Amino acid sequence: MQKRTTQSFSGGWRMRISLARALFIQPTLLLLDEPTNHLDLEGIESLSEGLKAYDGTVIFVSHDRWFVDKLATRIIELREDGIEDFRGTYAEFLARTEADDHLDRQAVVAAARGQKKG
C-alpha cells in the first residue's frame with residue numbers, strides 16, 4: 001500500500017478527509033465555509049445526509065441553493081440595515097420575508113445591473 005500526504009489529494013478529497021477528522025473527534029459545533037465547492041453531486045448528497053444525521057450544531061455558508069434548502073433550519077441574513085434572523089427553511093424564508101433569492105445568480109446579476117442604471 002502506497003502512503004500519500006493529504007497535500008497530494010484533490011480539494012474534494014482534502015475536504016472529505018477534514019470532515020472525517022472533525023467528525024471523528026465528535027465536536028459539538030461545525031463551521032463550514034462553502035463545503036460543497038469541491039464536491040461532485042454524489043459527494044454533496046453524502047455530505048448533506050451526514051450533516052442531517054449529525055447531533056451537534058452546524059453553521060455553514062453556501063451558495064448552493066439545493067444544499068441550503070435541504071439543510072438549513074435557520075437563516076441569518078446580514079444586510080446593510082441590520083440582521084434578519086429567521087427560523088425555518090430557505091424556501092420558507094423567501095416566502096415569508098419576500099426577500100430576494102440571493103442564491104439565484106441570474107436574479108442577483110439582473111438586480112445589480114438595474115441598480116447601476118438607476
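If you average the alpha carbon positions of the range 2-28 and of the range 52-85, how far apart do those two centres end up, in angstrom? Their Cα centres are 23 Å away from one another. Checking (i) 62, 32, 24; (ii) 51, 25, 24; (iii) 48, 25, 25 against the coordinates, the calculated Cα extents along the principal axes in Å falls under label (i). Could you work out what % of the accessible surface of the range 38-98 is carbon and sulfur, using a 1.4 angstrom probe and leaving DNA, RNA and ligands out of the count? Result for the range 38-98: 49 percent of the exposed heavy-atom area is carbon or sulfur.
In this view, the solvent-accessible surface of residue 29, computed with a 1.4 Å probe and all protein chains in place, comes to about 80 Å².
With each label modelled as a point 7 angstrom along the Cα→C-beta vector, the residue 18-residue 95 pair spans 3.5 nm.
The values are calculated or read from the model by the stated rules, or taken from the named source; none is laboratory data. Everything quoted here is computed from the prediction, not taken from an experiment. Because the Cβ atoms are built from the backbone with ideal geometry, glycine has one as well, and the counts that use them run over all protein chains shown. Keep in mind that these areas ignore ligands, DNA and RNA; they rest on the heavy atoms of the full protein, side chains included. Shrake-Rupley method; radii C 1.70, N 1.55, O 1.52, S 1.80 Å.
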